[in-house]
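**Q** Encoded as structure tokens, here's the structure I'll be asking about.
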Amino acid sequence: MSALKSADDFPKDGEALNQSKTGLLKMAFLFVGVAALLLFAILAMTGGGEDGEVSRRSMMAYSWLFAVMFFLTLAVGGIFWTLVHNATNSGWGVLVRRLMENLGSVTPWILLLGLPLVLSSDFKNALWEWIPEQAALVEGGEKYAEAHLESEKAKRAKELQTAKTDFKTLEKVTASAITKAGKNKGEVSFLNERLSHSKTKLAELEEGQLDDKALTSELQVHFMRHGDGEHVHGNPLLYHKSGYLNISSWTLRYILYVLGLGGVIYTLRKWSVAQDKSGDPKYTLMMRRWSCGFIAIFGICWTFLVVDWLMVLDYTWFSTMWGVYLFAGSAVSSMALLVAILTYLRSTGHFKDTITMEHYHLMGKLMHSFVIFWAYIAFSQYFLIWYANITEETKFYLLRNTDFFNSYTVILLVIGHFFIPFAALLVRQVKKTPKLMVAIAAWLLLMQIADIYWIIIPERGVSLTGGAQMIIPGAIWFDLLAFIAVGGIFGFLLLRSFGKSSLYPSQDPRLEESLNVVN
Amino acid sequence: MKEKTNSKPAYGYIAEFENATAIYHAAEKVRDAGFKRWDVHSPYPIHGMDAAMGLKKSWLSALVLAGGATGGLTALFLQFFTQVNLYPTVVQGKPTDFSTLPAFFPVIFELTILLSAFAVLGGLLVILLLPRLNHPLLASKTFLKFSDDGFIMSIEARDPKFSRERTKELLESLGATNVELVEDEV
């Protein structure tokens, strides 16, 4: 063992990114990303299409969701690893923690790239059927209520009038019958009961004499649930989900995701960078304490985000493991990206005396464990749905298991996202060899692309063509274009964030622990 | 009357060192001197000691891999052979062929873990020659300090390099504060 490294031997202000070596790549990312983005925007704007055919714009909505979602999983993983590193009071990864923070800090930007999905009604309507269907139901409900308001009101008033007359008659009849019944207790109680029953009914009818506003909303609900009874069917499922699935709260939630996820990583990164200057250990304690609470915000935001954007691609389908499933893939692929970034930075002359193979080993172990975690969650979700065999649940896998391309992606995921990396990462020496680690990391990123693609794209054919086609030929080029656009901007933002501060928290009290980590 | 002897054969030397650094560097020297049957005992794990002692990777992991593979394949064979080949069992109208595999995964998983755990336990007992009732080193009061504040190195007399005089000299030259000859049990 060589002598222990001392934090005093390293510069107090840490290590800055070598702009001359990485600047070119950064600008290349920006140029390619913006060019692809412009091309994508032009194609989407001009791709309105005619009635009755699948428009280019609606195909491109799926491409955009796929690209944004893939890079979002990577960025959000950065937040997760930062939170876990702080909350578990870890010392090993102080040297790589800034990489996690920088990766996480891209999240709000990627979420903003998702803005077209929230703003463009063509995008929304193409992706999420519940939005146009609900809008049609609401609109139809308003018309239905308007058309039926007066007649319903008159009907109810008439009913009440009839009931009142009937009740008066019944009162008289009952009074005379009670006198006649005399001491027959059974008879008397029966008559009284009949009278009170009529009274209750009368009260109900009186309650039903609503003002225009209340009656309108009652008619609207009736329309949503049951339709107009002639041509239009109601949608009770969508009605029951409308407390959560309605466009205003859906949009509000998007804003909360941006604020929640962005706020968490912004705060943590700000404290971490502030410590670089002052060296005050209070920041370490603040990050540790607050991260425990931030984990809850992170978990809630991420779970609901993937429900709002991915699970409701088919609003009739549901899985309670959905959030965890996407989170597992996000954690493993972002760790893979961190390994790749670390190796890239080392290859451009950074982290010379600081990062050792022990860090690779530790990151490899985390990658390995989350490969297993992903497989565990993915299999559990599949297994429960497969076993229970309930139509609403199995439809997700049925769609994604039909057609050549989809079904082979499943096999690829089982073998490629689990068995290959699992076996490869078992060997200790592999985890200590950067070249092999980067190869595995690249493979895992590829698998994450396949996973997200397999979640989103099979919906496109069936949704847009009404089930006539599984795959829309040629649409894959839009997916590629969107991927390049978001990927270029993602790469630019990431490299830009590295240039903003030291590459590692240079004044963290546990820097020495991380420099000398052995496992 | 014959002269009675109560001297038992020597088990080896134990040497006490002052702290982790001292015993760490001593271990490097003993390793370089070519000793094979020796050990270091400390109250807590010392990082890098395995390299300082020249220990090779334990073959326990290979044993565990074999155990896990046996478990997994056994479970796969047992279920597939009985439920698909021997007596095709139809559950919920699901097919009895290769696509029945998901149903077998929980058992495959469990048996893999079970046999891996058995391999760990069994392998460890075999490698460490456990269980045993006593150990010659436990007779020494100095040795018992290893579970409190002592850093103890033991060199067995079985080691081909062992010599009563020279080994003692070596240990003392390495900075041992206390060198003691421990008797064997028999």
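The values are calculated or read from the model by the stated rules, or taken from the named source; none is laboratory data. Since this is a predicted model, take the numbers as computed values, not measurements. Quick reminder, even Gly has a Cβ in these numbers, built from the backbone with ideal geometry, and neighbours come from all protein chains shown.
**Q** Being within 14 Å of another protein chain (Cβ to nearest Cβ) and either without any contact (Cβ under 8 Å) to a residue 24 or more places away in the chain or more than 30 Å from B:Trp59 (Cβ to Cβ) (or both) narrows it down to one of B:Val84, B:Val126, B:Val91, so name that one.
**A** The conditions single out B:Val91.
**Q** In addition: Consider the stretch B:11-39. How many of its residues are under 10 Å from B:Leu171 (Cβ atoms) and either part of a helix (DSSP H, G or I) or within 14 Å of chain A (Cβ to nearest Cβ) (or both)?
**A** Looking only at that region, the number is 3.
**Q** Filter the stretch A:349-375 down to the residues that are over 20 Å from A:Lys21 (Cβ atoms) and hydroxyl-bearing (Ser, Thr, Tyr), then identify the one that is nearest to the chain's Cα centre (by Cα).
**A** Across the stretch A:349-375, the extreme among qualifying residues is A:Ser369.
**Q** Testing A:Ala296 on (1) in a helix (DSSP H, G or I); (2) buried (at least 17 other Cβ atoms within 10 Å of the Cβ), one condition comes back false. Which one is that?
**A** (2)
**Q** Kindly indicate which of B:Pro95, B:Pro102, B:Pro106 is outside any helix (DSSP H, G or I) and of a type outside the set (Phe, Trp, Tyr).
**A** B:Pro95
**Q** Give the stretch A:259-276 a look and list any residue that's without any contact (Cβ under 8 Å) to a residue 40 or more places away in the chain and closer than 19 Å to A:Asp508 by Cα, or say none.
**A** Listed by number, the residues that qualify are A:Thr267, A:Lys270, A:Trp271, A:Ala274.
**Q** Would it be correct to say that B:Thr100 is crowded, with 16+ Cβ neighbours inside 10 Å, touching a residue at least 40 places away in the same chain (Cβ under 8 Å) and either more than 24 Å from A:Phe419 (Cα to Cα) or within 14 Å of chain A (Cβ to nearest Cβ) (or both)?
**A** no
**Q** I would also like to ask the following. Of the residues A:Arg346, A:Arg289, which single one is over 30 Å from A:Glu393 (Cα atoms), touching a residue at least 12 places away in the same chain (Cβ under 8 Å) and among the charged types (D, E, K, R)?
**A** On inspection, the qualifying residue turns out to be A:Arg346.
**Q** If you don't mind, another one. I want to confirm something. Restricting to the stretch B:134-186 and keeping residues that are β-branched (Val, Ile, Thr) and not in a loop (DSSP other than H, G, I, E, B), which single residue is nearest to B:Trp38 (Cα to Cα)?
**A** B:Ile155
**Q** If you check A:Thr46, A:Thr82, which single one turns out to be polar (S, T, N, Q) and free of Cβ contacts under 8 Å to residues at least 40 places away in the same chain?
**A** One residue alone meets the criteria, A:Thr46.
**Q** Also, quick follow-up: With the requirement that a residue be more than 14 Å from chain A (Cβ to nearest Cβ), over 9 Å from the mean Cα position of the chain (by Cα) and of a type outside the set (Phe, Trp, Tyr), what does the stretch B:106-123 give you?
**A** B:Leu111, B:Leu114, B:Leu115, B:Ala117, B:Ala119, B:Val120, B:Leu121, B:Gly122
**Q** Would you call B:Ser61 surrounded by 15 or more Cβ atoms within 10 Å (Cβ to Cβ), within 20 Å of the chain's Cα centre (by Cα) and more than 14 Å from chain A (Cβ to nearest Cβ)?
**A** In short, no.
**Q** Please determine, by comparing only the residues of the stretch A:147-178 that are closer than 30 Å to A:Leu237 by Cβ and without any contact (Cβ under 8 Å) to a residue 24 or more places away in the chain, which one is surrounded by the fewest Cβ atoms within 10 Å (Cβ to Cβ).
**A** Among them, the one singled out is A:Ser151.
**Q** If I filter the stretch B:87-100 for residues that are in the same structural domain as B:Glu18 (by TED's automatic domain parsing) and aromatic (Phe, Trp, Tyr), do I get at least one hit?
**A** Looking through the stretch B:87-100, none of the residues is in the same structural domain as B:Glu18 (by TED's automatic domain parsing) and aromatic (Phe, Trp, Tyr).
**Q** Quick check: is even one residue across the stretch A:270-277 in the same structural domain as A:Glu101 (by TED's automatic domain parsing), among the β-branched types (Val, Ile, Thr), surrounded by 14 or more Cβ atoms within 10 Å (Cβ to Cβ) and under 21 Å from the mean Cα position of the chain (by Cα)?
**A** No, that holds for no residue.
**Q** Pick from A:Tyr257, A:Tyr283: which is within 27 Å of the chain's Cα centre (by Cα), in a helix (DSSP H, G or I) and either modelled with pLDDT under 95 or crowded, with 16+ Cβ neighbours inside 10 Å (or both)?
**A** A:Tyr257
**Q** Can you work out which of the residues in the stretch A:310-348 that are in a loop (DSSP other than H, G, I, E, B) and within 23 Å of the chain's Cα centre (by Cα) is surrounded by the fewest Cβ atoms within 10 Å (Cβ to Cβ)?
**A** Restricting to residues being in a loop (DSSP other than H, G, I, E, B) and within 23 Å of the chain's Cα centre (by Cα), the top hit is A:Thr320.
**Q** Now a separate question. Quick check on my filter: what residues within the stretch A:209-245 are among the aliphatic types (A, V, I, L, M) and either part of a helix (DSSP H, G or I) or modelled with pLDDT of 85 or more (or both)?
**A** If the condition is that a residue be among the aliphatic types (A, V, I, L, M) and either part of a helix (DSSP H, G or I) or modelled with pLDDT of 85 or more (or both), then A:Ala214, A:Leu215, A:Leu219, A:Val221, A:Met224, A:Leu237, A:Leu238, A:Leu245 are the ones that fit.
**Q** Quick one: B:Leu78 ticks every box in (1) within 30 Å of A:Asn389 (Cα to Cα); (2) within 13 Å of chain A (Cβ to nearest Cβ); (3) exposed (fewer than 15 other Cβ atoms within 10 Å of the Cβ) bar one, so which box is it?
**A** Of (1) within 30 Å of A:Asn389 (Cα to Cα); (2) within 13 Å of chain A (Cβ to nearest Cβ); (3) exposed (fewer than 15 other Cβ atoms within 10 Å of the Cβ), only one is false for B:Leu78: (2).
**Q** Looking for whichever is touching a helix residue (DSSP H, G or I) at 6+ places or on another chain (Cβ under 9 Å) and at pLDDT below 90 here; the options are B:Pro131, B:Pro102, B:Pro95, B:Pro106. Which one fits?
**A** The unique qualifying residue is B:Pro102.
**Q** Out of A:Val188, A:Val138, which single residue is in the same structural domain as A:Pro236 (by TED's automatic domain parsing), aliphatic (A, V, I, L, M), closer than 30 Å to A:Ile456 by Cα and part of a helix (DSSP H, G or I)?
**A** On inspection, the qualifying residue turns out to be A:Val138.
**Q** If you check A:Asp508 against the conditions, is it touching a residue at least 40 places away in the same chain (Cβ under 8 Å), under 20 Å from A:Leu74 (Cα atoms) and either among the small types (Gly, Ala, Ser) or out of contact with any Pro (no Cβ under 8 Å at 6 or more places or on another chain) (or both)?
**A** no
**Q** Which fully enclosed helices (runs of 4 or more DSSP H) of the stretch A:442-519 have 2 or more residues being within 14 Å of chain B (Cβ to nearest Cβ) and not hydroxyl-bearing (Ser, Thr, Tyr)?
**A** A:511-515
**Q** Taking A:Ala423 and the conditions (1) in contact with an Asp or Glu (Cβ under 9 Å, 6 or more places away or on another chain); (2) closer than 26 Å to B:Phe109 by Cα; (3) within 14 Å of chain B (Cβ to nearest Cβ), which numbered condition does it fall short on, given that it satisfies the others?
**A** Of (1) in contact with an Asp or Glu (Cβ under 9 Å, 6 or more places away or on another chain); (2) closer than 26 Å to B:Phe109 by Cα; (3) within 14 Å of chain B (Cβ to nearest Cβ), only one is false for A:Ala423: (1).
**Q** OK, next. Do the conditions hold for B:Ser42, that is, is it modelled with pLDDT under 90 and within 30 Å of B:Asp159 (Cβ to Cβ)?
**A** no
**Q** Do you know which residues across the stretch A:76-97 are surrounded by fewer than 19 Cβ atoms within 10 Å (Cβ to Cβ), β-branched (Val, Ile, Thr) and within 14 Å of A:Gly299 (Cβ to Cβ)?
**A** Residue satisfying the conditions is A:Val84 alone.
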